[in-house]
Amino acid sequence: MPPRLRKFIGMIMLVVFVIVYAFVAMVIGDMTMQNRPTGVQFLYFAVAGLLWTIPAGAIMWWMDKPERLEAKARAQALTNTSDAD
């Protein structure tokens, strides 16, 4: 898959994921946190507000994968030519 297409698909996936995740976290928080103490509400929304970064990081890793492999191959090729000299 060409890198530009991979990045475009990844960008669309990331935007859709963040919108869906925010909506689901908000609905769960609204349904379960209304009668909870303020500290529990804060903790829930703090965790829910940071948890999305794990799958988003995986999507970004997937988007960047071919470029990392190419960079690694170039570095390996440079190392091999340096050893031959």
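Quick notes on this one:
- For beta carbons closer than 7 Å, sequence separation of 6+ or different chains, a first residue in segment 2-26 that is without any contact (Cβ under 8 Å) to a residue 40 or more places away in the chain and a second that is surrounded by 13 or more Cβ atoms within 10 Å (Cβ to Cβ) and outside any helix (DSSP H, G or I), the qualifying pairs are Val18/Trp52; Tyr21/Trp52.
- Cβ-Cβ contacts under 6 Å between residues 6 or more apart (or on different chains), taken from a first residue in segment 58-76 that is over 15 Å from Pro2 (Cα atoms) to a second residue that is modelled with pLDDT of 80 or more, are listed as Ile59/Gly10; Ile59/Met13; Ile59/Leu14.
- Annotation: Pro55 fulfils all but one of (1) in contact (Cβ under 8 Å) with a residue 24 or more places away in the chain; (2) more than 30 Å from Arg6 (Cα to Cα); the unmet one is (2).
- Residue tally, condition assigned to a helix (DSSP H, G or I) and loosely packed, with under 11 Cβ neighbours inside 10 Å, over segment 32-52: 5
The values are calculated or read from the model by the stated rules, or taken from the named source; none is laboratory data. The model shown is predicted, which means the values in this text are computed figures rather than measured ones. Note that we place each Cβ from the backbone using ideal geometry, even for glycine, and neighbour counts take in every protein chain shown.
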